[in-house]
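K.L.:
Below you will find the structure I want to go over with you.
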C-alpha cells in the first residue's frame, strides 16, 4: 500500500508542478521576493540537495532580529505553498514571522526514490518495493552538521526555536528524528510537526522500537501530530490512526509537550497544509 501512496502522491506532483532546472554549483534567482535557492553537497549523504529559503517580510530592515527557523521536507512540492501560506497568515497576525528552509532534490523526477532513501530507517522490507531506503540517521546528521550551520551563519536565527516538519514519510522522519534524539538525550529541534506520519512503515518499527524507552523529560520540546479522519478507511491493513496517537501519548506523556489533532473529513493526502498551519500556530503561539 505504501508504494501505491507514493505513486499517487508523485503523479499529483508531476502534473501540478514544472520541472526545476537549477545549476548544481550556483545559487539561482529566487522566483518570488524574499526567496532564495541554492545547492548544497552533503558529505554525510554523498549527494547534492536543493535548498529553498523563504525569508519573512521586512527582514532587511531588522537584520539582527533572531527568527524561528522551520525545516520543511519534500520541499520540491510543498515549499511554495507553505511560504505563501505563511505570508498570508503573518500579514493578519496569525503566525509569527519565521525563516522557512525547504530541503529538496534536483527535480521532481528523482524525489520519490530519494525521499525513501532519506526519510526511512531501517532498510525497507522487500514488500515495500523501495529501490533505496534506510538512510534517515545519515540524513539527520546532514541537517544537523551541514545544513543548519550554514543557515545559522547566513541568517539571524533563534536557536531555541528550530522546527522540523513533514508529511507522510516526511512525518515518519520527523517522529524518527525526535525519538532518536530523545533516546540519545540530545534533542536538536525544539518543535516537530508530523502530518499523517507513515508509522506503519516496516511493521510499525518506530513505535515498537521506542515504546519501552524511558526518555528523560524535556519540556522545551514539542510534538504536533495529525491524521485525517478518513485515513483508516483508505487502507484497512495499516495501524489505525487513533492507535498511533494513543501510543505516542503513552510514550511521550510527561516527557515533552505533545499535541495531536484529527481532521475528521480529510484523507491522507489532504492533511499536510492544515497540519503545517495548525502546527506552527501551536508551536509558535502569537503573544
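The numbers here are math on the coordinates, done by the rules we state, and not lab data. This one's a predicted model, so the numbers in the text were calculated from it and none came from an experiment. FYI the Cβ positions are ideal-geometry reconstructions off the backbone, even for glycines, and counts take in every protein chain you see.
K.L.:
State whether one or more residues within region 77-85 are touching a helix residue (DSSP H, G or I) at 6+ places or on another chain (Cβ under 8 Å), assigned to a loop (DSSP other than H, G, I, E, B) and in contact (Cβ under 8 Å) with a residue 12 or more places away in the chain.
P.N.:
No, every residue in region 77-85 fails to be touching a helix residue (DSSP H, G or I) at 6+ places or on another chain (Cβ under 8 Å), assigned to a loop (DSSP other than H, G, I, E, B) and in contact (Cβ under 8 Å) with a residue 12 or more places away in the chain.
K.L.:
Restricting the search to region 86-113, which residues are touching a residue at least 60 places away in the same chain (Cβ under 8 Å), within 30 Å of residue 131 (Cβ to Cβ) and either in contact with a strand residue (DSSP E or B) (Cβ under 7 Å, 6 or more places away or on another chain) or surrounded by 16 or more Cβ atoms within 10 Å (Cβ to Cβ) (or both)?
P.N.:
106, 108, 111, 112
K.L.:
Test of understanding: among 122, 97, 149, 197, which residue is under 23 Å from residue 36 (Cβ atoms) and either part of a loop (DSSP other than H, G, I, E, B) or touching a helix residue (DSSP H, G or I) at 6+ places or on another chain (Cβ under 7 Å) (or both)?
P.N.:
That would be 97, the only listed residue that is under 23 Å from residue 36 (Cβ atoms) and either part of a loop (DSSP other than H, G, I, E, B) or touching a helix residue (DSSP H, G or I) at 6+ places or on another chain (Cβ under 7 Å) (or both).
K.L.:
Name the single residue, out of those in region 47-70 being over 23 Å from residue 91 (Cβ atoms) and in contact with a helix residue (DSSP H, G or I) (Cβ under 9 Å, 6 or more places away or on another chain), that is surrounded by the fewest Cβ atoms within 10 Å (Cβ to Cβ).
P.N.:
Filtering first and then ranking leaves 47.
K.L.:
So, of the residues in region 253-276 that are touching a residue at least 40 places away in the same chain (Cβ under 8 Å) and surrounded by 18 or more Cβ atoms within 10 Å (Cβ to Cβ), which turns out to be farthest from the chain's Cα centre (by Cα)?
P.N.:
Filtering first and then ranking leaves 256.
K.L.:
So which residues in region 277-286 are surrounded by fewer than 17 Cβ atoms within 10 Å (Cβ to Cβ) and either within 21 Å of the chain's Cα centre (by Cα) or closer than 15 Å to residue 194 by Cα (or both)?
P.N.:
Within region 277-286, 281, 282, 285 qualify.
K.L.:
Against the definition (under 17 Å from residue 187 (Cβ atoms) and out of contact with any helix residue (DSSP H, G or I) (no Cβ under 6 Å at 6 or more places or on another chain)), how does residue 158 come out, yes or no?
P.N.:
Criteria met by residue 158.
K.L.:
Output the residues belonging to region 228-248 that are outside any loop (DSSP other than H, G, I, E, B) and touching a strand residue (DSSP E or B) at 6+ places or on another chain (Cβ under 8 Å).
P.N.:
Within region 228-248, 228, 241, 242, 244, 245, 248 meet the criteria.
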